[in-house]
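Have a look at the structure below, then the notes.
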Amino acid sequence: MKNYHISLFRHGRTNANERGQYIGTTDFPLNDRGRSELYDKTDKYVYPKVQRVYTSPLQRCTESAEILFPDREIVVAEEFRELHFGRFEGKTAEELMENAEYLTWIRGGMDAKPPEGESVSELCIRTFQGFHKILLEMMQEDFNHVAIVTHGGVIANAMACFGIPKLDPKQIQTAPGEGFEIQINPQMWQQAQAFEILGLSPFLPEESETF
């Protein structure tokens, strides 16, 4: 059975990222440094030649997609928006360290959630739905390779929830404009809800021939 290739990329830098704020649903645009950084990476690295780009609906992702893949169709995929941080939205870890609800959340497991927010389990369910939807579209439209521009937390938890080999999400640090290459086999996806992690992306010019 045919395998399908997806490139996952984190959006560029925002002012909130630089301040260390939790931003899930707040719709920050890229800042000047973030845009410049992405343009520099497109000069230095080779991004994969994909047939379509899916993106979180938030500005920091749609703007990043337009910079990284200026000549490709861009489709919004709601399932790949960032985790909803509820009442912790806009706060920094330093500001919350005396908050008992915050300490309970960060020490909790997959089902722990911020007040009025979303758990990692809920995030994994909707990202599963997003991958499944994209896989079906790739099969129907005979696409071999697409990209998804999303958020660092979404990438880390998707890799931990569905990736082989298994990784700890706390150890997955994705720089702006960078991410991972994955491969989905429809049979393995249906039976085990798993995909294969191929490696990091983008590539230096001498490394790019495979993709």
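Relative to one another, the C-alpha centroids of segment 53-83 and segment 175-210 are positioned 18 Å apart. In the chain, the DSSP beta bridges split such that about 50 percent are antiparallel, to the nearest 5. If you take all other residues with their beta carbon under 11 Å from the beta carbon of residue 22, and give Lys and Arg +1 and Asp and Glu -1, the sum is 0.
Over the residues of the chain, the helix contribution to mean residue ellipticity at 222 nm works out to -11000 deg cm²/dmol, using -39500 (n - 2.57) for each DSSP H run of at least 4. Residue 19 contributes an accessible area of around 130 Å² to the protein surface, as traced by a 1.4 Å probe with all chains present. Dipole of the chain computed with +1 at Lys/Arg Cβ and -1 at Asp/Glu Cβ about the Cα centre; of 65, 136, 99, farthest Cα towards the positive end is 99. Database note for the chain: Cys without another Cys beta carbon under 4.7 angstrom, 61. Our analysis of segment 83-134 gives Rg over Rh at 1.07, with the two radii drawn from alpha carbon positions and Rh computed by the Kirkwood formula.
Among 120, 76, 154, the sequence by solvent-accessible area, most first, with a 1.4 Å probe is 76, 120, 154. Legend: residue pairs 91/170; 113/133; 44/91; 44/170; 44/113; 44/133, Cα-Cα distance threshold 30 Å; pairs beyond threshold, 44/91; 44/113; 44/133.
Sequence-ordered 3J(HN,Hα) estimates for segment 26-37 from the Karplus curve with 6.51, -1.76 and 1.60 and θ = phi - 60° stand at 5, 9, 6, x, 5, 8, 4, 4, x, 5, 4, 4 Hz, glycine and proline given as x.
Grouping the Cα pair distances of the chain into 5 Å bins from zero gives a pair-distance distribution of 1, 7, 15, 20, 20, 16, 11, 6, 3, 1, 0 percent in increasing distance order.
Put 84, 151 in order of accessible area, largest first, 1.4 Å probe: what do you get? Write down the numbers at each step before the final one.
Numbers: 84 65, 151 0 Å².
Highest to lowest solvent-accessible surface, that is 84, 151.
Accessible area per residue was computed with a 1.4 Å probe on protein heavy atoms; residue 49 scores about 150 Å².
Shown are 10, 33, 72, whose ranking by accessible area with a 1.4 Å probe and every protein chain present, most to least, is 33, 72, 10. Measuring only protein heavy atoms, the 1.4 Å probe finds residue 37 accessible over about 40 Å². Distances between every pair of Cα atoms in segment 135-211, grouped in 10 Å steps from 0 to the bin holding the largest one, split as 16, 47, 33, 3 percent.
The values are calculated or read from the model by the stated rules, or taken from the named source; none is laboratory data. Here the structure is a predicted model, which means the values were calculated and not measured. Cβ coordinates were reconstructed from backbone atoms using ideal geometry, including for glycine residues, and neighbour counts include every protein chain displayed. These area figures cover heavy atoms from the full protein model, side chains too; ligands, DNA and RNA do not enter into them. Shrake-Rupley method; radii C 1.70, N 1.55, O 1.52, S 1.80 Å.
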